[in-house]
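Written out below as structure tokens is the structure these notes cover.
Laboratory data are not the source of any read-out in this text; all were calculated from the coordinates shown. Being a predicted model, the structure only gives us computed values, none of them experimental. Cβ sites come from the backbone with ideal geometry, for glycine too, and all protein chains shown count toward neighbours.
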Amino acid sequence: MPLRIMSFNIQHCADFYTGNIDFELFSDAINKSGADIIGLNEVRDKGSSEDFEAQASVLAEKCGLYSCFAKAIQIKNKGPYGNALLSKYPILSYSSVGIPDPEIKQFDGYY
């Protein structure tokens with residue numbers, strides 16, 4: 001069975017032109033791709049800041065897909081940021097293996 005696989009850097013669902021979070025824009029691109037499995041980069045998950053909602057879950061719901069999220073970094077006073085997977089097929093289990101970096105405890109970036 002052939003699979004269509006897509007890699008998509010969603011840049012936390014920010015519209016490049018407006019800078020606004022736009023789930024419709026990104027879910028539309030995912031749906032138009034026809035991909036069975038989508039790897040997402042630069043994804044926010046639920047955090048303490050209202051800007052940090054579970055983006056993989058929102059996109060999965062809009063696209064009728066399954067999702068899982070893996071935190072890569074914790075953005076100080078905001079929330080988790082990382083990668084996600086969307087799939088037309090149920091995700092039975094997953095794990096995330098962090099890359100150790102003892103010099104960086106939290107990221108204070110612009111995200």
How many percent of Cα pairs in segment 5-87 exceed 21 Å? 21 percent
Using label points projected 7 Å from each Cα along Cα→Cβ, tell me how many nm separate Q74 and S49, to one decimal. 1.5 nm
If every Lys and Arg gets +1 and every Asp and Glu gets -1 at its Cβ, then about the Cα centre the chain yields a dipole, in debye to the nearest 20, of 300 debye
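Among 60-67, 90-97, how do they line up from the highest to the lowest mean number of other beta-carbon atoms within 10 Å?
By packing density, highest mean first, the sequence is 60-67, 90-97.
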